[in-house]
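Below is one structure; the comments refer to it alone.
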Amino acid sequence: MTIQLLLVDDHRLMREGLRSLLEAQGGFEVVAEAEDGRDAVTKTRDCEPDVVVMDIGMKELNGVQATRQIRAEFPRIPVVVLSTYAQEEHVLSALEAGASAYVLKISAHQELVEAIESVMKGRRFLSPEITGFVVDAGVHGARSARDPEKPRLSGREQEVLQLVAEGRTSGEIATCLFLATRTVEQHRRRIMEKLDLHSVAELTLYAVRNGIVSLDG
């Protein structure tokens, strides 16, 4: 059986490298590519791949939020996160969003094929470098157990926060998310109230610290 894949990464050369790596193995077919999270959701609807291979740090809709949306709409489609980030915050965010595997890009040549084959069998896969703290923290409920008073943002609020942190205006966010400008401003006020933040600079710093946006794009 050929495993059909959707590759999601904002760097074209990375996607080309992954396509070459996987298709050279035999048994894999890249049926679509996407360069951001929003495109990934659309392409998943269009082609319903067997597995989505997902980057995290992308513009407009990051990989965590895209994973959450894909898993909510297509619970049978596993998501393999392939990321440069090995920090606990990024890994646990991806797993809590529904990712079935988390592979570090530095280990992709050795581990990506194994990860895809594992999730196709209904198993999880983690790069060895991150296994320890995931086991220690526990995937389900780990964050609330560590910090029960930490505010929780809805999926839509995290989307708005990401776009605000990327420097988008309320009008641009409204167009991107198909919302009224007034609704975007209401979301932004609610986010600031929840997080007890008082400026766009503080929102941006929060977004970077919590893996919602990255400084390196």
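Less than 5 angstrom separates the built amide H of residue 30 from those of 5, all sequence-distant by 5 or more or on a different chain.
Helix-only arithmetic for the chain: the sum of -39500 (n - 2.57) across DSSP H runs with n ≥ 4, divided by the residue total, places the mean residue ellipticity at 222 nm at -16500 deg cm²/dmol. Using only the alpha-carbon atoms, how far is helix 200-209 inclined from the longest principal axis of the chain? Give it as 0 to 90 degrees, nearest 10. Rounded to the nearest ten degrees, it is 30.
Scalar couplings 3J(HN,Hα) for segment 179-185, obtained by applying the Karplus form with A = 6.51, B = -1.76, C = 1.60 to θ = phi - 60°, are 10, 6, 4, 4, 5, 4, 5 Hz; x denotes Gly and Pro.
When each of the peptides 165-178, 38-51, 99-112 is scored by the mean number of other C-beta atoms lying within 10 Å of its residues, the order from highest to lowest reads 99-112, 38-51, 165-178. Its relative contact order, with pairs defined as Cα atoms under 8 Å and 6+ residues apart, puts segment 3-144 at 19 percent. Compared with the dominant Cα axis of the chain, that is its longest principal axis, helix 37-47 is turned about 50°. So which of 43/105; 43/194; 59/194 end up more than 27 Å apart by C-alpha? Beyond 27 Å: 43/194.
In terms of the mean number of neighbouring beta-carbon atoms within 10 Å, the peptides 52-58, 7-13, 72-78 order highest first as 52-58, 7-13, 72-78. Semi-axes of the equivalent ellipsoid for segment 23-90, computed as √(5λ) from the eigenvalues of its C-alpha gyration tensor and ordered from largest down, come to 19, 15, 11 Å. Packing-based ranking of 117-124, 152-159 yields 152-159, 117-124, ordered from highest to lowest mean Cβ neighbour count within 10 Å. Both radii were evaluated on the Cα set of the chain; the Rg over Rh quotient, with Rh as the Kirkwood radius, amounts to 0.97.
Computed from the coordinates by the stated procedures, all read-outs in this text should not be read as laboratory data. Please read these numbers as outputs of a predicted model, since none were measured by experiment. Glycine gets a Cβ as well: all are built from the backbone with ideal geometry, and neighbour counts include every protein chain shown.
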